[in-house]
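Worksheet: one structure, shown below.
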Amino acid sequence: MLFIRKLTDNQVFYLKRVLTILVFSDVLVQTIKTITMYFKTLLFAFFFCIVNLSVAQNVNNPTGGEYIFNASKTPCLTNNERNNIKFILQTSVEELRRENKLMFEESGRGGTHPLFIWPVQKATGASYNDVWGISNYVDQNPSYPNQLTDYNCGTKTYDLSSGYNHQGIDIFTWPFGWKMMDFDEAEIVAAAPGQIIAKGDGEYDRNCGLNNNPWNAVYVQHIDGSVAWYGHMKNGSLTTKNVGEMVAEGEFLGVVGSSGSSTGPHLHFEVYTDNTYTQLVDPYQGACNSLNVDTWWQSQKPYTNPRVNALMTHSAPPVFPACPTQEITNENNNFDTDDTVYFAIYFRDQEAATSVNLKIIKPDDSILYNWDFNLTDSYVASYWYWYYSGIYDMNGAWKWEATYNGETVTHTFNISGVLNVEEETFASTSVYPNPFNDVITIKSGSKIINADIVDVLGKNIMSIDSISEGITSIDLSQLSNGMYFLTMKNNLSETKTIKLIKK
């Protein structure tokens with residue numbers, strides 16, 4: 001039984017005080033909560049602004065600059081070596097003539113000269129946008145030293161106090177010339193159809209300066225009697241065709257190397273009007289070309305060739321050791337959400353007073369960052385990189401994109417490991433082996449009732465359901481090599497996504 005007693009006036013007074021305090025306390029708590037949320041919002045906004053401000057400040061202050069090749073100038077051929085080559089070529093031509101194998105005799109002389117295609121190309125499978133640049137043209141000025149004139153009346157050539165004037169075109173490989181050489185990524189091809197009249201192989205190909213060693217080379221005579229020299233090739237890379245055999249325009253001749261007198265991997269391309277080798281040809285038409293009046297190119301390239309040779313992502317900055325050590329590229333296209341990604345661009349013939357537009361694009365094609373980087377100097381070769389972390393909030397294929405000189409280049413990289421709150425409660429589940437070849441095993445403290453396999457483009461490859469027994473293994477032998485995402489759902493309606501690599 002409940003007994004109700006009338007309160008005294010003092011008791012009523014104190015009860016009102018207590019209730020007032022309680023009500024005020026609740027209001028105070030709610031007020032504090034509101035103020036706390038307000039300051040949290042301000043704090044988030046502050047840090048968001050700081051992060052984005054740092055990005056805005058960073059975009060025009062990347063790391064990098066001009067890439068300077070081995071600075072010493074050496075004659076691609078000493079006078080003695082050039083005379084030896086001429087003797088070998090003349091002897092070989094005479095031998096072919098005696099054997100009635102010389103395809104282009106006197107009757108072919110004096111005809112229309114060939115028109116060349118470009119003699120360096122990217123090998124199939126190489127991931128670069130392009131692989132070459134030009135460091136030197138033919139020196140048209142016979143005086144020396146430091147009296148330089150190229151076909152365009154510029155000074156993109158060299159001479160030496162010894163009396164050497166550069167007599168060919170030097171086409172270097174960029175970026176990572178030593179890596180390109182070691183992995184056969186930059187190929188030399190026949191600029192015009194013709195007959196191999198001599199070749200030389202077996203010489204050391206990692207030279208970094210002047211020496212008296214012969215180079216690895218192929219020599220091709222064309223229908224008009226003119227002869228093209230392709231020098232500095234990689235040891236063992238030359239065409240298997242023999243002297244006397246024909247090559248077609250664009251046919252593989254070898255790999256760019258650094259044999260003979262060379263400061264790094266490049267092709268020395270030298271042309272003569274006939275096999276007496278007395279009249280040098282400069283294939284370019286220009287106001288200061290005193291050797292010939294017209295171009296020898298099918299499509300003559302401009303004096304400078306500004307382009308993005310490569311757009312890449314790295315796990316660390318690239319390293320360029322001293323010649324002739326292969327570069328440490330730190331290339332990487334697969335990252336976790338908390339990784340730092342280095343975004344790099346590699347130019348040839350970077351031009352002052354130009355700009356490149358750069359973008360980082362999410363898998364859903366929304367743009368995370370979009371900025372213009374202003375180029376203030378002109379360089380034969382250059383590279384720049386930016387690095388970001390803590391910005392990757394979406395699994396899948398991201399894009400690193402550059403637009404320069406009217407051309408857009410896109411590089412794709414993958415981000416995985418973005419978790420949501422419910423995924424964290426699924427920590428006891430594991431998948432092995434990973435990387436895998438065929439079958440994966442799933443170990444979990446709960447029953448896995450659904451599994452989806454998705455590729456890096458977000459396409460669903462496979463869906464499996466097993467409500468009654470649960471999923472403990474999946475046969476993925478039919479998948480191609482690459483990266484995938486496995487999303488699992490258990491009987492507690494929890495989900496977990498794991499990155500899978502098939503090798």
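Observations on the structure shown:
- Residue match in the range 143-165 (condition: in a strand (DSSP E or B) and of a type outside the set (S, T, N, Q)): yes
Let's see how each residue does on (1) in contact (Cβ under 8 Å) with a residue 40 or more places away in the chain; (2) among the polar types (S, T, N, Q); (3) in contact with a Leu (Cβ under 9 Å, 6 or more places away or on another chain):
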site: MET180; (1), (2), (3): yes, no, no
site: ASP184; (1), (2), (3): yes, no, no
site: GLU187; (1), (2), (3): yes, no, yes
site: ALA190; (1), (2), (3): yes, no, yes
site: GLY194; (1), (2), (3): yes, no, no
site: ILE197; (1), (2), (3): yes, no, yes
site: GLU203; (1), (2), (3): yes, no, no
site: VAL218; (1), (2), (3): no, no, yes
site: VAL227; (1), (2), (3): yes, no, yes
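- For the range 284-315, filtered to residues that are outside any strand (DSSP E or B) and hydroxyl-bearing (Ser, Thr, Tyr), the residue that is farthest from TRP174 (Cα to Cα) is SER290.
- Apart from one condition, GLY264 fits all of (1) closer than 16 Å to HIS166 by Cβ; (2) more than 30 Å from the chain's Cα centre (by Cα); the exception is (2).
- Odd one out for ARG348, checked against (1) part of a strand (DSSP E or B); (2) within 20 Å of the chain's Cα centre (by Cα); (3) surrounded by fewer than 15 Cβ atoms within 10 Å (Cβ to Cβ): (3)
- Lone unmet requirement of (1) open to solvent by 10 Å² or more (accessible area, probe 1.4 Å); (2) closer than 15 Å to THR412 by Cα for LEU291: (2)
- Where a residue in the range 283-297 is closer than 14 Å to VAL138 by Cα and its partner, wherever it lies, is polar (S, T, N, Q) and open to solvent by 40 Å² or more (accessible area, probe 1.4 Å), with Cβ under 7 Å and at least six apart: TYR284/GLN300; GLN285/GLN300; GLY286/ASN152; CYS288/ASN152; THR295/GLN285
- Residue within the range 307-318 that is free of Cβ contacts under 8 Å to residues at least 24 places away in the same chain and open to solvent by 20 Å² or more (accessible area, probe 1.4 Å) present: no
- Of the criteria (1) open to solvent by 10 Å² or more (accessible area, probe 1.4 Å); (2) over 15 Å from THR78 (Cα atoms), which one PRO214 fails: (2)
- Qualifying residues in the range 98-138 (those that are in a loop (DSSP other than H, G, I, E, B) and among the polar types (S, T, N, Q)) - the one modelled with the lowest pLDDT: THR112
- Hits in the range 221-261 - residues which are under 21 Å from GLU94 (Cβ atoms), of a type in the set (Gly, Ala, Ser) and touching a strand residue (DSSP E or B) at 6+ places or on another chain (Cβ under 8 Å): SER226, ALA228, GLY244
- Only one of the numbered conditions (1) open to solvent by 30 Å² or more (accessible area, probe 1.4 Å); (2) part of a strand (DSSP E or B) is violated by ALA451, and that is (1).
- Scanning the range 217-263 for residues that are open to solvent by 10 Å² or more (accessible area, probe 1.4 Å), touching a Ser or Thr at 6+ places or on another chain (Cβ under 7 Å) and part of a loop (DSSP other than H, G, I, E, B) yields ASP224, ASN235, VAL243, THR263.
- Index of the failed condition, THR329 passing every other in (1) of a type in the set (Ser, Thr, Tyr); (2) touching a helix residue (DSSP H, G or I) at 6+ places or on another chain (Cβ under 7 Å); (3) surrounded by fewer than 15 Cβ atoms within 10 Å (Cβ to Cβ): (3)
- Across the range 352-373, the number of residues qualifying as part of a loop (DSSP other than H, G, I, E, B), within 19 Å of ILE415 (Cα to Cα) and either modelled with pLDDT of 95 or more or not acidic (Asp, Glu) (or both) comes to 3.
- Lone unmet requirement of (1) surrounded by fewer than 24 Cβ atoms within 10 Å (Cβ to Cβ); (2) assigned to a strand (DSSP E or B) for GLU203: (2)
- Flag for THR376 being within 18 Å of the chain's Cα centre (by Cα), open to solvent by 10 Å² or more (accessible area, probe 1.4 Å) and modelled with pLDDT of 95 or more: no
- Pairs are defined by a Cβ separation below 8 Å, a sequence spacing of at least 6 or placement on different chains, a first member in the range 457-481 that is more than 26 Å from PHE413 (Cβ to Cβ), and a second member that is part of a loop (DSSP other than H, G, I, E, B) and of a type in the set (Lys, Arg); the pairs so defined are GLY470/LYS447.
The values are calculated or read from the model by the stated rules, or taken from the named source; none is laboratory data. What you are looking at is a predicted structure, and each value in this text was computed from that prediction instead of being measured. Note that each Cβ is placed from the backbone with ideal geometry, even for glycine, and that neighbours are counted across all protein chains shown. Note: areas computed on protein heavy atoms with side chains; ligands, DNA, RNA excluded. Shrake-Rupley method; radii C 1.70, N 1.55, O 1.52, S 1.80 Å.
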